[in-house]
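Before I ask anything, let me first share the structure, which is written out below as structure tokens.
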Amino acid sequence: MRMASQLLDASVSGAPLARGESGKTSSARIREIDVARGAAMFFVCLSHFSGAYLWLHGIEAAELLATMSMIASPSFVLISGMTLGVLGTRNPEDLPHLRIRLLDRGLFLLLVGHFVLSVSQLRRNTIAGAFYTSFLTDALAVAMIVGPRIVSVTGRSLRIAISLMIYCAGWVASACWLPSSDGGTQIQRYVFGSLPTNISGARTLVFPVVPWLAVYLLGTVFGEYVGDCYRKGERARARKLFLVAGLGFMCLGAAIYFVTRRIQTVHALVTQSMLATLLTSPTLKFPPGPAFIAYFGGSGLVFMWLVLELQARGGFPWLVESLRRVGYASLPVFILQYFLYSALIRPANLRYTAWWPLLFLGTLVPMWTLATLWCRADEANRLLTVGVTSWLESGPRRLLERRLRAQQAPYSESRTASA
């Protein structure tokens, strides 16, 4: 259990692990996960900066950057699932403890994390509106609670099938279910996702649970393949998996777009159905369409491959180390960037400047500072808990102690009688 606890914290933090019996440290492997997570956080910041500053001034680059930063959401969820797959492959005997730890972390995200992020929306929303705001961490939290239970009882092939069925079921519920009550509408919106009434209609900016759970489960399968490579000491092959899988998914997403948009016969058929148009849109993020997940999820994997290759070759060590620190402190950095872009920069309505790239880099400084301080704090990520782990594990431990005492009691009584 202690090893699983170290692994989970390191997977979120990048902290070096103690040496095992072989005398080799596991920190390099965990470090790579954090570097990849930090790379995803870069696109999260780019996305929110574009919305908070560039869009307000109608800058042409805003649309391009917003499209580029769509890498963020699928990449972040895939990495989270991949982390579970890697850790479960490395220490399968500790998976029960890991499930409890992820349950604890997921509840923290749902309760404390959602409340804190909601506060960042108060300057441009009512209290109720801020509370009902959907964050990616909400869907991710549910995936962290449910996903490990599915992983523990399924193999890779079955899990892929389950993730595809879950994803398709979410789209069926979004397209076919017409709720007649406010409660049903809220369930559809936050669990499955809701579709616009027409192709140019307003989108509901909600991260629904079901489709992102499917992406998380796919990430666990990918993580298990990566974990197999690391367990065998094949780090170069593990990095290559990022490139191969990323290019494969990018080609799939591009093929969907090309066939449905550039081939006139197919395009004429697709445009007759709003659902078909949405499903084949590469930029449909709410809810995430298959073309969107394939192309931008694949792009994220390719970008992670590039960063991991830089790390392996020793290039730009300061950049790789900065990404590692951000990956270590991904949750506090995520919260800080929400406050910075939503509660400060957007309401400030700053004047446009052609030097906006420097402004964006300047906004990254407080995130980097927080990540650095978080890294220096001993086991800081252990604070991101609601205490479920200790509560659930203290009960079995006390029960075991009572059983041991009960087993030792007859022996002690016989020793006393003989004396």
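How do the pairs read when you match residues in region 97-125 that are at positive phi with residues anywhere that are modelled with pLDDT of 95 or more, using Cβ under 6 Å and keeping only pairs 6 or more apart or on different chains?
none
Here's another thing I want to ask about it. If you check 255, 294, which single one turns out to be modelled with pLDDT of 90 or more, more than 24 Å from the chain's Cα centre (by Cα) and of a type in the set (Gly, Ala, Ser)?
Details: 294 fails: more than 24 Å from the chain's Cα centre (by Cα).
So the residue among 255, 294 that is modelled with pLDDT of 90 or more, more than 24 Å from the chain's Cα centre (by Cα) and of a type in the set (Gly, Ala, Ser) is 255.
Do we have residue 303 as surrounded by fewer than 21 Cβ atoms within 10 Å (Cβ to Cβ), in contact (Cβ under 8 Å) with a residue 24 or more places away in the chain, under 17 Å from the mean Cα position of the chain (by Cα) and part of a loop (DSSP other than H, G, I, E, B) here? Explain how you work it out, then say what you get.
On the way: surrounded by fewer than 21 Cβ atoms within 10 Å (Cβ to Cβ): yes; in contact (Cβ under 8 Å) with a residue 24 or more places away in the chain: yes; under 17 Å from the mean Cα position of the chain (by Cα): yes; part of a loop (DSSP other than H, G, I, E, B): no.
Against the criterion (surrounded by fewer than 21 Cβ atoms within 10 Å (Cβ to Cβ), in contact (Cβ under 8 Å) with a residue 24 or more places away in the chain, under 17 Å from the mean Cα position of the chain (by Cα) and part of a loop (DSSP other than H, G, I, E, B)), residue 303 does not qualify.
A further question follows. Mind listing just one residue for me: the one in region 151-190 that is crowded, with 16+ Cβ neighbours inside 10 Å and either in contact with a strand residue (DSSP E or B) (Cβ under 6 Å, 6 or more places away or on another chain) or among the basic types (Lys, Arg) (or both) and, of those, nearest to residue 287 (Cα to Cα)?
189
Here's a follow-up. What are the pairs, 6+ residues apart or on separate chains, where a residue within region 140-168 that is under 14 Å from residue 82 (Cα atoms) and free of Cβ contacts under 8 Å to residues at least 40 places away in the same chain has its Cβ under 9 Å from a residue that is of a type in the set (Phe, Trp, Tyr) and assigned to a helix (DSSP H, G or I)?
none
A further question on this structure: Suppose we keep only residues that are more than 30 Å from residue 246 (Cβ to Cβ) and among the β-branched types (Val, Ile, Thr) within region 308-365. Which one would you say is modelled with the highest pLDDT?
345
Sticking with this structure for a sec: Filter region 228-242 for residues that are in a helix (DSSP H, G or I) and not charged (D, E, K, R); which is modelled with the lowest pLDDT?
Start the filter on region 228-242 by keeping residues that are in a helix (DSSP H, G or I), which leaves 228-231, 235-242.
Those still in the list that are not charged (D, E, K, R) too: 229-230, 236, 238, 241-242.
Details: 229: 91, 230: 87, 236: 92, 238: 92, 241: 95, 242: 95.
Per the stated criteria, the residue is 230.
Condition first: surrounded by 19 or more Cβ atoms within 10 Å (Cβ to Cβ), touching a His at 6+ places or on another chain (Cβ under 7 Å) and either outside any helix (DSSP H, G or I) or not aromatic (Phe, Trp, Tyr) (or both). Can you find one or more residues in region 310-324 that meet it? Explain how you work it out, then say what you get.
Pass one, region 310-324, residues surrounded by 19 or more Cβ atoms within 10 Å (Cβ to Cβ): 311, 320, 322-324.
From what is left, the residues that are touching a His at 6+ places or on another chain (Cβ under 7 Å) are none.
No, every residue in region 310-324 fails to be surrounded by 19 or more Cβ atoms within 10 Å (Cβ to Cβ), touching a His at 6+ places or on another chain (Cβ under 7 Å) and either outside any helix (DSSP H, G or I) or not aromatic (Phe, Trp, Tyr) (or both).
What number of residues within region 204-237 satisfy the criterion of being over 26 Å from residue 136 (Cβ atoms) and of a type outside the set (Phe, Trp, Tyr)?
Let us first name the residues in region 204-237 that are over 26 Å from residue 136 (Cβ atoms), namely 228-237.
In the following step, the residues that additionally are of a type outside the set (Phe, Trp, Tyr) were identified as 228-229, 231-237.
Total meeting the criteria: 9.
Just name the residue that is surrounded by the fewest Cβ atoms within 10 Å (Cβ to Cβ) out of those in region 204-223 that are at pLDDT below 95 and touching a Lys or Arg at 6+ places or on another chain (Cβ under 8 Å).
204
Listed residues 254, 214, 245, 268; which is in a helix (DSSP H, G or I) and either without any contact (Cβ under 8 Å) to a residue 12 or more places away in the chain or over 28 Å from residue 170 (Cα atoms) (or both)? Explain how you work it out, then say what you get.
On the way: 254 fails: either without any contact (Cβ under 8 Å) to a residue 12 or more places away in the chain or over 28 Å from residue 170 (Cα atoms) (or both); 214 fails: either without any contact (Cβ under 8 Å) to a residue 12 or more places away in the chain or over 28 Å from residue 170 (Cα atoms) (or both); 245 fails: either without any contact (Cβ under 8 Å) to a residue 12 or more places away in the chain or over 28 Å from residue 170 (Cα atoms) (or both).
So the residue among 254, 214, 245, 268 that is in a helix (DSSP H, G or I) and either without any contact (Cβ under 8 Å) to a residue 12 or more places away in the chain or over 28 Å from residue 170 (Cα atoms) (or both) is 268.
The values are calculated or read from the model by the stated rules, or taken from the named source; none is laboratory data. From a predicted model like this one, the values you see are computed outputs, not experimental measurements. Methodologically, a virtual Cβ is constructed for each residue, glycine included, from the backbone with ideal geometry; neighbour enumeration extends over all protein chains shown.
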